[in-house]
1. Loop-only trypsin sites (Lys or Arg not before Pro) in segment 224-270, please: DSSP not H, G, I, E or B, and at most 12 other Cβ atoms within 10 Å.
2. Which of the three applies to segment 232-317, rounded, prolate or oblate, going by the alpha-carbon gyration tensor with a ≥ b ≥ c and a/c under 1.5 meaning rounded?
3. Per residue and in Å³, how big is the convex hull formed by the alpha-carbon atoms of segment 252-301?
4. Which order do the peptides 217-223, 120-126 come out in when sorted by mean C-beta neighbours inside 10 angstrom, highest first?
5. Mind ranking M150, M23 by accessible surface for me, highest first, 1.4 Å probe?
6. Could you work out the local net charge near V318, counting Lys and Arg as +1, Asp and Glu as -1, over the other residues with Cβ closer than 13 Å to its Cβ?
7. Sort 244-253, 63-72 by packing, meaning the average of other beta carbons within 10 Å per residue, with the highest value first.
8. Assuming a ≥ b ≥ c are the square roots of the Cα gyration tensor eigenvalues, decide whether segment 203-282 counts as rounded (a/c under 1.5), prolate (otherwise, with a/b larger than b/c) or oblate.
Amino acid sequence: MQRYEVDLWTHIAKFLDGKSLVMLAATSRWFKRIFLEESIWKFACLRDLEVPDPKNVRFKWINLYASAFGGSHSFMFRQLEKHIGDFSFLSIFTHLVKLRRILNVFLFYFGGKSDWMRVGAFFFDSPFALLTEKLMRPLILPQEENTEKMLESCGSCVVKNLRTGIWIADLQLVRCPVCDLETCDGEQEICFSFHELRDKKFPLTNLGTMQMLDARHIELFLNDGYQDGSWEYEMIGSHDIRKHQDGASGAIFDLRHLDDNSSSDVFDLKSWVGKPKDWQPRVMVTPHAVAINTNLQENEGLNVKFQAMTAGVGGEVVSIRISQQLL
């Protein structure tokens, strides 16, 4: 085939999604060589995530695309029994050498079943993140050195030494960590799914269920330390709000872009938070921030937890969790 045909198909590739690219690559050696080019998968990944180029990445772009769009989330690899929902899943998307394995990943993405909600992708330019449970202006930056005091005083804390680049956020529903699924009497926990929430069959007011904003660096699932379990989540801080709360909220901001106009959209609650008696979870993602909110019925308050995972001892922060559970 002539050179101009290669250029033509490279151009066509810019209009195809990941599934189409892999299926075409499986048809012949010539297409395989064309459609497994790094530049094509980099373009597709940045286009579909709607994020800027991070310049340097540690893994191939086809692996990053599969990790981002393969239908995976953190509870598929650890503590699946605590996640609410019924899943069909594959093992982690690593070392995708053979084309058949790559194809299986993408077929799973378009044929799998899950009950979690993808919030979207955002970008960290700086290694500093502001975590908050409050979505109100003015947002008070915590000044205390102790994280627990930060959370108690203003419901926010600053996390340092984040791995910059592309981050992906999910909204999870997680079982109470102390609930015994076989003996639960129904008062501690009532299991429900996002499908039921979408149909408004159940509000998010069930004891024993945690709502979690789960954010991770795009490379997390591909790292050996995550796969072998040596990277663990550590508690940043936890506190109780012992009064009625209208909603369960959480947000993560790149501190460098906190005053950007796009980040201010998070605080325009009328534009994205559900109306009263609308119990469906709502999400907001901007170029450098992500937020969630679920309206609550009458309650006695919330327990709020902030967790982070580092890339080994003293390593960069590669994942953040903000969770709320009814008291």
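1. When the trypsin sites (Lys or Arg not before Pro) of segment 224-270 are filtered for loop state and at most 12 Cβ neighbours within 10 Å, R242, K243 remain.
2. oblate
3. Dividing the Cα hull volume of segment 252-301 by its residues yields 80 Å³.
4. Top of the packing list down: 217-223, 120-126.
5. Greatest to least solvent exposure: M23, M150.
6. -2
7. Sorting 244-253, 63-72 by mean packing, highest first, produces 63-72, 244-253.
8. Note, shape of segment 203-282 comes out oblate.
The values are calculated or read from the model by the stated rules, or taken from the named source; none is laboratory data. Keep in mind the model is a prediction, meaning the values are calculated, not measured. For neighbour counting, all protein chains shown are included, and Cβ atoms are generated from backbone atoms with ideal geometry for every residue, glycine included. Heavy atoms of the whole protein, side chains included, go into the accessibility calculation; ligands, DNA and RNA do not. Shrake-Rupley method; radii C 1.70, N 1.55, O 1.52, S 1.80 Å.
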